[in-house]
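> Just passing along the structure, written as structure tokens.
The values are calculated or read from the model by the stated rules, or taken from the named source; none is laboratory data. Since we're looking at a predicted model, the values are computed, not measured. Positions of Cβ are backbone-derived with ideal geometry, glycine not excepted, and every protein chain shown enters the neighbour counts. Protein only, heavy atoms only, side chains kept; ligands, DNA and RNA dropped before computing areas. Shrake-Rupley method; radii C 1.70, N 1.55, O 1.52, S 1.80 Å.
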Amino acid sequence: MNVIEINQLTKYYGKHRGIENVTFSVEEGEIFGFIGPNGAGKSTTIRALLSLIHPTSGSATIFGKDCIKYGSELRRDIGYLPSEVFYYEHMKVLEVLKYSASFYDDVDYTRIQTLADVMDLDLTKRIDDLSYGNKKKVGIIQGLLHEPKLIILDEPTGGLDPLMQQNFFDLIRTENKKGATVLFSSHILSEVQKLCGRVAIIKDGTIVKIENIRDMQKHNYKKFTLEYKGVIDVHHFNLDGITNLTLEENTLHFLFKGDINRIIERLQGQALLNFLVEEPSLEEIFMHYYQKED
Amino acid sequence: MNILKQELRMGKKALIIWCLSLAGILVLFMLIYPSISSQLEDFQKVFKSFPIEFQRALGIADLQLNTILSYYQFPFTYILLAGAVQAMNMGVAVISSEVREKTGDFLFVKPVTRNRIISMKILAVLVQILITNAFVFVAALITVTILSAEPYNVKLFVLITSSLLFIQIFFASLGLFVSAFLRRIRTVLPISMGVVFIFYIIFLLNETLKDEKLGLISPFGYFDLSELSKTMNYDSLYLLLWFVLVGLFIFLTFRLFARKDLPSI
């Protein structure tokens, strides 16, 4: 069963594009990654799902029901963590969490303390005394408190230190094992790779690709930088699997997907000054997806 | 009910300050009455020597200063003005603060409809207006009763004092409509001060012009205190207009907010 089904969803802010014809679905029980650079439309899609904004055209359903029409009913089973968290400044953490809980039926209030212990959060502090990371923790707890069936996370790890990120990922995995479906939006490929089964890649408001993480890792791109002593023969690297080949004076850059040994073979007997193999940035992978589109 | 409770808790401090200052100013002004009541006849003579347009602009053309209630109108005009600012502040801020303080992403993803959130917020404003009015009413009643040497017209006192409630409800609903209409409101006070004073200036201007159509524009004219003491009742046409406008503003607030996009942070 599909928990989320998005169909040709389009949102324009006046003439300004938000998203265009976004279509994908999230199955029950999966952790679905949603990646793209800043401003690609991740938040716009999520905000439409939560009926914070009204789509220009297209539709989206959650648990089979239209997300605008049945918004308030559906939101009972959704836990949402916004990318930037803001709460009523003069309230204490515990007060905010209790206020949040008061909107749902049958909330287990002991979970507040349990979750606060896991995330190492002081419940007696005032919101305006909290750091960015600690506010994020409040967000995580209020999003998970009512044990939602669908968890929507919009860039959740910003501000969290690595240890807390780990605790947070564990929390998400636990909720997922209990049956919750997760939509995880991020611009950091590595954290999505850690957690998600499938990903949708969005750029400039449109979905570029929907892929299995395992398949993606299979075509694992490497970024090569070669600095030559003498003159470079570019034709030497006229190989299948090489993209984004650029030449600056005596430095050669390219992305490569495939058996690395084939590159090593080509390097035999070459006089190199420097040799770098790196993980490509998300941007570079996106560039690649773009070229494929053309 | 949790939203209502939350709103009242957040507005508590401002409400206490407003109640104390409104009642305080009124009481302070009234305390001057005994010391000048013997000279009021002379004051009136001086006023009557002013040109008639000037008298009208000051709202003293029909003034009879021989009773405590005719004096009471004076400070109460300023209470109306300040009360209008307070009510409009609440009206503009109550919903727009969720956008300004960026807490909308918290409240509007809760399992409640937008209409319910707005109803609860309007209710919270209404409760705060009622508390303000009750407080001012009691403070005024005690002060006037103590200071008045002879019995005074209770009906007129109630009419004058209750006009605050009508004025506040009007400006609160206008504020709600403004907040629904504008995309993003950065600061509240300049908007409410501006709007209230423009309406007050229109009212003052019309006191000299006495133009009927212009009179329809300003709510301060609907509850003209110097008219009240002559007719001993609210003007039914103005009351109807007040009712229609308040209803329209509230309706449009619901209507506009139902379709509104919450700007992302």
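> Would you be able to tell me the number of residues in region B:176-193 that are part of a helix (DSSP H, G or I) and either at pLDDT below 90 or within 12 Å of B:Gly91 (Cα to Cα) (or both)?
Number satisfying all stated conditions: 9.
> Quick check on A:Leu74: is it open to solvent by less than 30 Å² (accessible area, probe 1.4 Å), farther than 26 Å from A:His187 by Cβ and aliphatic (A, V, I, L, M)?
Against the criterion (open to solvent by less than 30 Å² (accessible area, probe 1.4 Å), farther than 26 Å from A:His187 by Cβ and aliphatic (A, V, I, L, M)), A:Leu74 qualifies.
Listed here are the residues, each with its yes/no results for (1) among the aromatic types (Phe, Trp, Tyr); (2) surrounded by fewer than 16 Cβ atoms within 10 Å (Cβ to Cβ).
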| site | (1), (2) |
| --- | --- |
| A:Met164 | no, no |
| A:Leu171 | no, no |
| A:Gly179 | no, yes |
| A:Phe224 | yes, no |
| A:Val234 | no, yes |
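> Could I ask something else about it? How many residues are out of contact with any helix residue (DSSP H, G or I) (no Cβ under 8 Å at 6 or more places or on another chain) and either of a type outside the set (A, V, I, L, M) or within 9 Å of chain B (Cβ to nearest Cβ) (or both) when one looks only at region A:31-62?
Total satisfying the criteria: 14.
> Which number in (1) over 21 Å from A:Pro148 (Cβ atoms); (2) assigned to a loop (DSSP other than H, G, I, E, B) marks the one condition that A:Thr10 misses?
(2)
> State whether the residues of region A:79-92 include one that is farther than 30 Å from B:Arg9 by Cα, free of Cβ contacts under 8 Å to residues at least 12 places away in the same chain and surrounded by fewer than 23 Cβ atoms within 10 Å (Cβ to Cβ).
Within region A:79-92, not a single residue is farther than 30 Å from B:Arg9 by Cα, free of Cβ contacts under 8 Å to residues at least 12 places away in the same chain and surrounded by fewer than 23 Cβ atoms within 10 Å (Cβ to Cβ).
> Sticking with this one: Taking the stated definitions as given, is B:Arg184 touching a helix residue (DSSP H, G or I) at 6+ places or on another chain (Cβ under 8 Å), exposed (fewer than 13 other Cβ atoms within 10 Å of the Cβ), within 14 Å of another protein chain (Cβ to nearest Cβ) and within 30 Å of B:Leu107 (Cβ to Cβ)?
Spelling it out, B:Arg184 is indeed touching a helix residue (DSSP H, G or I) at 6+ places or on another chain (Cβ under 8 Å), exposed (fewer than 13 other Cβ atoms within 10 Å of the Cβ), within 14 Å of another protein chain (Cβ to nearest Cβ) and within 30 Å of B:Leu107 (Cβ to Cβ).
> Another question, then. When you check B:Ser264 against the structure, is it at negative phi, within 14 Å of another protein chain (Cβ to nearest Cβ) and surrounded by 18 or more Cβ atoms within 10 Å (Cβ to Cβ), yes or no?
So B:Ser264 fits the description; yes.
> In addition: Has region B:236-254 got any residue that is in a loop (DSSP other than H, G, I, E, B) and closer than 25 Å to B:Gln86 by Cα?
There is no residue in region B:236-254 that is in a loop (DSSP other than H, G, I, E, B) and closer than 25 Å to B:Gln86 by Cα.
To keep it simple, each residue is scored yes or no on (1) free of Cβ contacts under 8 Å to residues at least 60 places away in the same chain; (2) within 14 Å of chain A (Cβ to nearest Cβ); (3) out of contact with any strand residue (DSSP E or B) (no Cβ under 7 Å at 6 or more places or on another chain).
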residue: B:Ser70; (1), (2), (3): no, no, yes
residue: B:Phe74; (1), (2), (3): yes, no, yes
residue: B:Gln86; (1), (2), (3): no, no, yes
residue: B:Val92; (1), (2), (3): no, no, yes
residue: B:Ser96; (1), (2), (3): no, no, yes
residue: B:Thr103; (1), (2), (3): yes, yes, yes
residue: B:Phe108; (1), (2), (3): no, yes, yes
residue: B:Ile142; (1), (2), (3): yes, no, yes
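> Right, another one. Consider B:Lys45 carefully, then state whether it is within 29 Å of A:Lys92 (Cβ to Cβ), of a type in the set (D, E, K, R) and more than 22 Å from the chain's Cα centre (by Cα).
Taking the combined requirement at face value, the residue does not satisfy it.
> Same structure, new question: Just checking, which of B:Met10, B:Met1 is within 30 Å of B:Val92 (Cβ to Cβ) and in contact with a His (Cβ under 8 Å, 6 or more places away or on another chain)?
The match here is B:Met10.
> List the helices (runs of 4 or more DSSP H) that sit entirely inside region A:186-294 and contain at least 2 residues that are modelled with pLDDT under 80.
Of the helices (runs of 4 or more DSSP H) lying wholly inside region A:186-294, those with at least 2 residues that are modelled with pLDDT under 80 span A:189-195, A:213-218, A:282-293.
> Hey, another quick one. So which residues in region A:55-71 are without any contact (Cβ under 8 Å) to a residue 40 or more places away in the chain, hydrophobic (A, V, I, L, M, F, W, C) and open to solvent by less than 50 Å² (accessible area, probe 1.4 Å), if there are any at all?
Passing the criteria: only A:Cys67.
> Just checking: which of the helices (runs of 4 or more DSSP H) contained wholly in region B:65-152 hold 2 or more residues that are open to solvent by 20 Å² or more (accessible area, probe 1.4 Å)?
Here the list reads B:68-100, B:114-147.
> Specify which of the listed residues (B:Ser70, B:Ser21, B:Ser49) is modelled with pLDDT under 95 and either under 23 Å from B:Leu141 (Cα atoms) or among the hydrophobic types (A, V, I, L, M, F, W, C) (or both).
B:Ser70
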